[in-house]
Amino acid sequence: MKVTNWLTTLSAAAVLSTSMMLAPSALAQKHVKQNLNQLVTASASIISGKVLSVTDGFDNKGRPYTEVTIEVGKDAKGKHDQGSHFTFRQFGLLKPRTMGNGKVYLGVSPEGFANWTEGEHVIAFMNPDFGGGLRSTVGLEQDKFSIKNGKVINDVGNYGLFEDMKTTALSPEEQNMITTPGAVDAGAFMNLIGKLAEVK
C-alpha cells in the first residue's frame, strides 16, 4: 500500500511538472491580474456560446486532457462563425481516474484552470494553441465567464476586471458597469468587449 501511495504521489508530481512545461505562459498568468482591455488584447478568440460537451481522456502521447466543445453564438474577433462548434483541449483530466491496476491517476487540470459544465452559457477568452493541441483561457479562471439570468461573472467574482480602464470613450451604461462589483449585465459586457476588440 505504501509503495502504491508513493507511486501515486510521484505520478501527480510528474503531471504537474509536465503541465508547467506544456503551458508555461498560462500557468505564469495564474497570479497576474489583468483588466478587460488587457484580456481582449491577449486573446486569439473571444467566444460566447453554449457548452455542448465536456469529456476527458488521454491523447496518443499519453497526455491527460479535458476536451470542451462550445456552440458559438459570437466570436468578438470574428474568427469563428455563429453556429459553428469550437473544440479545444486543456491539460488534465476532469477528476482522478482509476487505472484498473490498483492505481489512481491524479493528473487533473491544474489549480487555477477554468472549469467547464455541459449546458452552461459562457464567454471564453482563448489563448492560441500552445502546441500539441492544448489550449486554455488567457487568464485561466479569470477568463472564463458564466452567463446566468442576464448577468456575467467569472470564477474570481470579476475581481480586478475593470481596474485602470480608461472611461472617456465609454457610454454611461458601460461606465456604470465598470464600477459595479460582482456580476454585471451581459449585454453591456458584450458590447464593451466588441468595442475594445474593434480598436485593437
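Figures for the structure shown
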| read-out | value |
| --- | --- |
| Sites matching GluC sites (Glu not before Pro) across segment 66-153 that sit in DSSP coil, with at most 11 neighbouring C-beta atoms within 10 Å | 111 |
| Over segment 49-120 - Rg/Rh using Cα atoms and the Kirkwood inverse-distance radius | 1.07 |
| Among 143-153, 166-176, the order from most to least packed when residues are scored by Cβ within 10 Å on average | 143-153, 166-176 |
| Rh (Kirkwood; distinct C-alpha pairs) - segment 50-200, Å | 16.9 |
| Accessible area, probe 1.4 Å, largest first, for residues 193, 178 | 178, 193 |
| Solvent exposure, largest accessible area first (probe 1.4 Å, DNA, RNA and ligands not counted), of 85, 121, 80 | 85, 121, 80 |
| Heavy atoms of residue 177 accessible to a 1.4 Å probe, total area in Å² rounded to 10 | 10 |
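The values are calculated or read from the model by the stated rules, or taken from the named source; none is laboratory data. Keep in mind the model is a prediction, meaning the values are calculated, not measured. Backbone-built Cβ (ideal geometry, glycine too); neighbour counts: all protein chains shown. In case anyone asks, the SASA skips ligands and DNA or RNA and just uses the protein heavy atoms, side chains included. Shrake-Rupley method; radii C 1.70, N 1.55, O 1.52, S 1.80 Å.
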